[in-house]
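Bear in mind that the values in this text are calculations on the coordinates, not laboratory data. This one's a predicted model, so the numbers in the text were calculated from it and none came from an experiment. Counting neighbours? That spans all protein chains shown, and the Cβs are built from the backbone with ideal geometry, glycine included.
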Amino acid sequence: MNRQQKRKRVKEWELSVIVAFMVTVILFLPTNLPLGQTAGKIEAPTINKDIPPSLKHVGKKAELHHITLSGSTIKKELEIATPKEELQSDEKLIFLTFDDGPNNATEALLDVLSKYDATATFFMLEPLIKKNDELVTKMMEEGHSLALHGVTHDLNLFYASKQTVLDEMNRAQKAIRDITGKDSNLIRTPYGSMPHMTPEYIMAIEKEGYLMWDWNVDSMDWYYRGEDYVDETLQQIRQLEESDITPIVLLHDLVTTVEYLPQLLDTLIDKGYTFKGLTEEMQPVQFH
Ligand SMILES: [Zn+2]
């Protein structure tokens, strides 16, 4: 065998090894997935099982990453799912939110909340934040969530463009930062996001890092201006309970709201509710 024949033999052998390898890979491909994981291992965590229906897309994402990426990625995806699970926990949480302050009703409102060991969320307007900085400081010290409601509360001015929406929220954010040293990214747009917050507007505020919250219980306290808002609120909460949905209650810094707030809180405490402030880790409730 000369050198040329030898080289040919070697090449033929190499080729057969490659072909054999490829055949093996093709034969075993359906049962042997990449990264040495077996099909059994992938099915084991059943990530989708414990995730609420609204988060099914997150679950799917996690499953996909489980197949293609490392375990740390799965953990990250599941952490995103946690706050929503918190919303549906057995603890019976309720999130009271107060809009349009701080004003002459807020001090008494804070006193009631403190007496009931309840924390809440305040969606505040920039001019009132500046005017009532001591109340803002008190809110922070007492563990409430500080949040933004813009500047003008004027339908035409606020929603004039995506830039006016951003400008108003940025100004409210700065006012809180100047007092507390902390940035808040929780926002509620005046009169709620429907129908004024177009997909383009929403994209703009999300890009800026803002988390937009609407509500699923409207106390109508601004309409009743008296005791009747308590029954209205309790009735809406009862309806949500049937679907196991955590109530996010819209209220306002109004003297009449504060006056009957103990009545509302007493009833909710009897029903086993705990009052918490919204956090930036939670999945916002939105009308869209
Ligand atoms: Zn408002």
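Translational diffusion coefficient of region 93-275 (Stokes-Einstein, Kirkwood radius from Cα pairs, 37 °C, 0.692 mPa s): 197 µm²/s. Over region 93-275, what is the relative contact order in percent, taking alpha-carbon pairs closer than 8 angstrom and at least six residues apart? This gives 28 percent for region 93-275.
Here's how it looks for Asp100: its modeled amide H is under 5 Å from those of Phe123, Leu125, which are all 5 or more places away or on a different chain.
Sequence-ordered 3J(HN,Hα) estimates for region 276-288 from the Karplus curve with 6.51, -1.76 and 1.60 and θ = phi - 60° stand at 10, x, 5, 10, 6, 8, 7, 7, x, 7, 10, 5, 6 Hz, glycine and proline given as x. Loop-located trypsin sites (Lys or Arg not before Pro) in region 130-200 (DSSP state other than H, G, I, E, B) with a sparse environment of at most 10 neighbouring Cβ atoms within 10 Å: Lys182.
Couplings for region 144-159, taken from phi via the Karplus curve 6.51 cos²θ - 1.76 cosθ + 1.60 with θ = phi - 60°, read 7, 8, 8, 9, 10, 10, x, 10, 8, 6, 10, 3, 6, 6, 5, 8 Hz in order; Gly and Pro are left as x.
Within region 219-288, which chymotrypsin sites (Phe, Trp or Tyr not before Pro) sit in a loop by DSSP and count at most 13 neighbouring Cβ atoms inside 10 Å? The partial results should precede the final answer.
Values: sites: Trp222, Tyr223, Tyr224, Tyr229, Tyr260, Tyr273, Phe275, Phe287; in loops: Tyr273, Phe287.
Within region 219-288, the qualifying chymotrypsin sites (Phe, Trp or Tyr not before Pro) (loop, at most 13 other Cβ atoms within 10 Å) are Phe287.
Amide H contacts of Val151 (H built 1.01 Å from N, in plane; Pro and chain starts excluded): Glu126 sit under 5 Å, all sequence-distant by 5 or more or on other chains.
Close amide H pairs (under 5 Å, H built 1.01 Å from N) link Leu211 with Leu186, Ile187, residues at least 5 positions away or on another chain. Using only C-alpha positions, report the orientation-averaged shadow area of the convex hull of region 118-198, nm², one decimal. Here the figure is 5.2 nm², rounded to one decimal.
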